[in-house]
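The values are calculated or read from the model by the stated rules, or taken from the named source; none is laboratory data. Just so it is clear, the structure is predicted and the values come from calculations on it, not from any experiment. For neighbour counting, all protein chains shown are included, and Cβ atoms are generated from backbone atoms with ideal geometry for every residue, glycine included.
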Amino acid sequence: MNAGKGFAFRRIFGCLVLAASSFAAHAEVTVKDAWVRGTVPAQQSTGAFAILTSSEDAKLVAVKSPIAKTVEVHESMTMGGMAHMQAVDSVPLPAGKAVKLEPGGYHVMLMGLAKPVKAGDQVPLTFVIEAKNGKRSSVEAHALVRPLGQ
């Protein structure tokens with residue numbers, strides 16, 4: 001009879017472990033030093049930058065902002081001595097490593113601005129993160145607008 005209780009305990013414990021793993025925590029991502037480059041009156045686009053750190057391997061798959069019609073994640077690179085910029089599907093976020101979205105590298109393009117952004121404004125950004133298991137989560141941030149030229 002004691003062996004039966006041990007089997008039942010192991011079975012219940014196994015079920016609890018499986019249940020707990022199905023609710024496994026998603027990657028926790030922090031956003032630091034978010035900022036947006038200021039614009040001049042007729043300018044329709046600008047860049048947004050930040051430092052992202054994920055607790056687990058994940059990737060940045062999108063960014064949203066109500067101030068722009070289109071928001072894309074881009075990568076800048078130099079090819080043949082010329083600077084190029086292109087949209088990317090995602091940016092890898094290795095566990096525990098800070099990934100900089102910065103001028104000259106990965107960054108966010110805010111296009112079709114509703115109005116110019118000026119130094120001191122706050123721009124809401126929503127970073128869409130995809131964990132290794134494919135589940136998506138969002139991280140909200142407010143980016144400070146820095147003067148044009150920074």
(request) Report, by residue number, each residue of the stretch 88-139 that is acidic (Asp, Glu) and closer than 19 Å to Gly47 by Cβ. (result) Asp89, Glu102, Asp121
(request) Determine which member of the set Ala87, Ala83, Ala95 is at negative phi, modelled with pLDDT under 90 and exposed (fewer than 14 other Cβ atoms within 10 Å of the Cβ). (result) Ala83
(message) Looking at His26 and the list (1) at pLDDT 90 or above; (2) surrounded by 10 or more Cβ atoms within 10 Å (Cβ to Cβ), which single condition is not satisfied?
(response) (1)
(request) Run down Pro92, Pro116, Pro124 and say which single residue is part of a loop (DSSP other than H, G, I, E, B), in contact (Cβ under 8 Å) with a residue 12 or more places away in the chain and of a type outside the set (Asp, Glu). (result) Pro116
(request) Could you list all residues from the stretch 38-89 that are more than 15 Å from Tyr106 (Cβ to Cβ) and part of a strand (DSSP E or B)? (result) Ser45, Thr46, Lys64, Ala68, Lys69, Thr70, Met79, Met82
(request) With the checklist (1) part of a strand (DSSP E or B); (2) touching a residue at least 60 places away in the same chain (Cβ under 8 Å); (3) surrounded by fewer than 18 Cβ atoms within 10 Å (Cβ to Cβ) in hand, flag the one item Glu130 doesn't pass. (result) (3)
(message) So Ser55 ticks every box in (1) more than 23 Å from Gly149 (Cα to Cα); (2) in contact (Cβ under 8 Å) with a residue 12 or more places away in the chain; (3) exposed (fewer than 13 other Cβ atoms within 10 Å of the Cβ) but one. Which box is left unticked?
(response) (3)
(request) Please state which one of Val36, Val40, Val71, Val63 is at pLDDT below 95 and either surrounded by 14 or more Cβ atoms within 10 Å (Cβ to Cβ) or out of contact with any Lys or Arg (no Cβ under 8 Å at 6 or more places or on another chain) (or both). (result) Val40
(request) Using the structure shown, decide if Phe49 is surrounded by 13 or more Cβ atoms within 10 Å (Cβ to Cβ), at pLDDT 95 or above and in contact with a Ser or Thr (Cβ under 9 Å, 6 or more places away or on another chain). (result) no
